[in-house]
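Take a look at the structure set out below.
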Amino acid sequence: MGDRHRTSAQGTAPTRAQPRQAALHVVVVGGGFGGLRVARELSTRRARRAGVRVTLVDRRNHHTFQPLLYQVATAGLQPQDIGISLRATLRRRGVEIRVGEVVDIDPTTHRVHLADGGSLAYDRLVLAAGAITEDFGVPGVAEHGYALKSLADATTLRNHVLAMFEAASADPVHATDGGLTFVVAGGGPTGVELAGALAELVDLVVRRDHPELDLEQVRIVLLEPRERLLGTFADRSSAHALDQLTRRGVDVRLGIGVARADADHVQLTDGEVLPTRTLVWAAGVAASPLAAHLGVPVTAGRRLAVDQHLRVVGLRDVYAIGDLAAFPAAEGGLLPQVAPVAMQQAGHVAKVVLDRAPARGFVYRDKGAMATIGRAAAVAELPGGIRLRGFLAWLAWLGLHLLQLVGFKNRVGVLVSWIWNYLRADHAARLILDQREAATVETSNGWVRRRWAA
């Protein structure tokens with residue numbers, strides 16, 4: 001017994017130290033819903049003990065809660081309410097943040113190249129770069145349309161909308177030359193929510209802020225080339241959205257789209273010309289152009305073909321999730337480019353990287369869809385055939401979005417703003433920032449605003 005104690009105490013017979021497992025470096029491109037989720041899943045204590053090191057690359061230093069961008073654009077929320085620093089949310093997990101724009105990927109050398117000349121080596125690469133606004137080649141849209149994919153987009157649109165009312169207040173001619181006509185192209189959830197929010201802004205806020213204006217001259221026009229709104233929803237939900245928007249004074253045009261856009265008007269596909277200085281393009285998205293740099297074929301919408309575990313077909317150690325992944329849907333076609341898909345795919349890819357993936361591959365679990373139309377009005381379609389409309393759907397929509405927001409402070413800020421807006425019928429974020437600065441902001445899809453510069 002004594003000998004055993006001496007051996008242990010003096011270390012005369014130490015056990016050989018096990019070699020430290022080499023780090024597996026995972027580079028995640030994109031700090032959206034999918035990118036943030038996979039970075040979190042791969043930076044747990046268990047993952048770090050397994051030797052996983054994560055670097056997240058994004059051209060911005062923050063995550064944006066895109067479903068609420070329209071509320072920033074219509075002065076209901078502040079930009080910081082729905083944006084959170086990537087470093088702040090991931091710093092305790094040991095995730096390295098690299099702010100930069102990925103311009104090229106070399107799968108042969110396993111390197112990601114950035115616009116600033118830098119590069120990153122990877123062992124595994126997860127592409128979660130999201131989508132950009134797709135103008136489908138409609139003339140003038142890129143030059144004169146407003147996108148809504150980033151906080152810069154939302155703030156620029158808010159500046160412009162509020163400036164249009166100020167211009168009409170200063171000179172009545174702007175009330176009749178299209179300055180108070182707001183055209184929203186696209187009748188999906190984004191277009192419906194934005195049109196409803198604009199109508200609410202006019203009815204509850206502009207009416208009090210600008211008593212000198214004749215609000216009968218304000219027009220909000222929602223264009224949808226298909227024959228109904230919210231095409232992925234049930235017919236009754238679509239009809240409810242149409243009814244609620246019409247009641248709020250929105251001019252909904254079904255079966256009509258934009259044929260051409262100019263600085264002071266848009267030409268519709270039925271030949272009508274609408275004088276306007278505001279065209280918001282919510283008519284479609286396409287995957288990030290980053291997919292074109294991989295040297296593999298892309299599908300419609302520039303999405304990457306992936307296998308059952310979301311590995312890019314034809315490449316080793318490269319995964320695509322969310323808007324970039326062309327993953328087949330059970331009912332045919334491809335899975336939609338929405339946040340729930342990206343987040344579920346992120347969880348699956350994290351398991352694959354950690355060698356804990358289920359054998360059958362990724363399976364998407366549809367948890368339903370929601371869209372809000374305005375105060376106390378929304379539609380919700382939940383699993384089990386549950387369909388809600390009106391006030392209950394609106395409460396469900398509010399609760400879900402609060403839960404999905406990243407960061408406790410953001411949740412509290414948004415909740416307080418919503419309560420204030422509801423009780424006081426007010427939108428407190430009515431700030432017009434320097435138009436010189438806002439007019440030269442590059443938007444998420446490369447469109448540049450210059451025509452409103454002072």
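The values are calculated or read from the model by the stated rules, or taken from the named source; none is laboratory data. Just so it is clear, the structure is predicted and the values come from calculations on it, not from any experiment. For neighbour counting, all protein chains shown are included, and Cβ atoms are generated from backbone atoms with ideal geometry for every residue, glycine included. Please note that ligands, DNA and RNA were not included when accessible areas were found on the heavy atoms of the full protein model with its side chains. Shrake-Rupley method; radii C 1.70, N 1.55, O 1.52, S 1.80 Å.
Given bins 5 angstrom wide, list per bin the percent of all Cα-Cα distances in the stretch 202-276, short to long.
3, 14, 19, 18, 18, 16, 9, 3, 0
If you take all C-alpha pairs in the stretch 170-220, what percent of them are over 14 Å apart?
On the way: 701 of 1275 pairs.
When all Cα pairs of the stretch 170-220 are counted, 55 percent exceed 14 Å.
Counting only protein heavy atoms and using a 1.4 Å probe, what share of the accessible area of the stretch 252-357 belongs to carbon plus sulfur, as a whole percent?
Exposed carbon and sulfur together represent 53 percent of the surface.
Share of the stretch 173-251's accessible area from carbon and sulfur, percent, 1.4 Å?
48
How many percent of DSSP beta bridges within the chain run antiparallel, rounded to 5?
Numbers: 33 of 67 bridges.
The antiparallel proportion sits near 50 percent.
Quick one: check the C-alpha center-to-center distance for the stretch 19-66 versus the stretch 277-304, whole angstrom.
One Cα centre to the other: 24 Å.
Can you give me the accessible area per residue for the chain, using a 1.4 Å probe, in Å²?
On a per-residue basis, the chain sits at 47 Å².
Order the peptides 144-150, 400-406, 181-187, 99-105 from the highest to the lowest mean number of other Cβ atoms within 10 Å of their residues.
With the highest mean Cβ count within 10 Å placed first, the list reads 181-187, 144-150, 99-105, 400-406.
Relative to the compact-globule scaling 2.2 N^0.38 Å, provide the ratio for the alpha-carbon radius of gyration of the stretch 125-190.
It is 1.42.
Return the inverse of the average 1/r over all pairs of distinct C-alpha atoms in the chain, which is the Kirkwood hydrodynamic radius, in Å to one decimal.
Hydrodynamic radius (Kirkwood, Cα only) of the chain equals 23.7 Å.
In whole angstrom, note down how far apart the Cα centers of the stretch 217-235 and the stretch 111-160 are.
25
Please compute the Kirkwood hydrodynamic radius of the stretch 137-265 from all pairs of different C-alpha atoms, in Å with one decimal.
The Cα-based Kirkwood calculation yields 15.5 Å.
Taking only Cα atoms, what is the 0 to 90° angle, nearest 10, from helix 339-353's long axis to the longest principal axis of the chain?
Taking Cα atoms only, the helix is inclined about 10 degrees.
Given the DSSP H assignment, sum -39500 (n - 2.57) over each helix run of at least 4 residues in the chain and divide by its residue total; what's the result at 222 nm in deg cm²/dmol, nearest 500?
Calculated from helices alone, the mean residue ellipticity at 222 nm is -8500 deg cm²/dmol.
When DSSP beta bridges are limited to those with both residues in the stretch 30-176, what percentage is antiparallel, rounded to the nearest 5?
Bridges in the stretch 30-176 that DSSP calls antiparallel: roughly 70 percent.
Which lysines have a Cα less than 25 Å from the Cα of Lys367, not counting those fewer than 8 places away in the same chain?
Straight-line reach from Lys367, under 25 Å: Lys149, Lys351.
DSSP loop (so not H, G, I, E, B), at most 12 other Cβ within 10 Å: list which trypsin sites (Lys or Arg not before Pro) in the stretch 289-391 pass both filters.
Counting only loop positions with at most 12 other Cβ atoms within 10 Å, the trypsin sites (Lys or Arg not before Pro) in the stretch 289-391 are Arg316, Arg356, Arg360, Arg365, Lys367.
Ignoring solvent entirely, what values of log10 I(q)/I(0) come out of the Debye formula for the stretch 67-131 at 0.27 Å⁻¹ when each Cα is a single scatterer?
-1.16
Based only on the alpha carbon positions, what is the Kirkwood hydrodynamic radius of the stretch 68-205, in angstrom?
Kirkwood radius, the stretch 68-205: 18.4 Å.
Need one number: nm distance between label points at Thr108 and Val296, each 7 Å from Cα along Cα→Cβ, rounded to one decimal.
1.7
Extent of the stretch 186-331 along each principal axis, from alpha carbon coordinates, in Å, largest to smallest?
So the three principal-axis extents are 64, 36, 32 Å.
Report the Cα-based extents of the stretch 266-356 along its three principal axes, largest first, to the nearest Å.
58, 28, 25
Shape call for the stretch 335-425 from the C-alpha gyration tensor, a ≥ b ≥ c root eigenvalues: rounded (a/c under 1.5), prolate (a/b greater than b/c) or oblate?
Oblate.
Taking one equal scatterer on every alpha-carbon of the stretch 301-351, how large is log10 of I(q)/I(0) by Debye at q = 0.21, 0.22 1/Å?
For the requested q values the scattering log ratios are -0.68, -0.75.
Which percent of the accessible heavy-atom area of the stretch 45-84 goes to carbon and sulfur, probe 1.4 angstrom?
41
Rounded to the nearest 10 degrees, what's the angle between the helix 235-247 long axis and the longest principal axis of the chain, both from Cα atoms, 0 to 90?
50
May I ask which residue of Val112, His265, Pro297 lies farthest towards the positive end of the charge dipole of the chain, with charges of +1 (Lys, Arg) and -1 (Asp, Glu) on Cβ and the Cα centre as origin?
Val112
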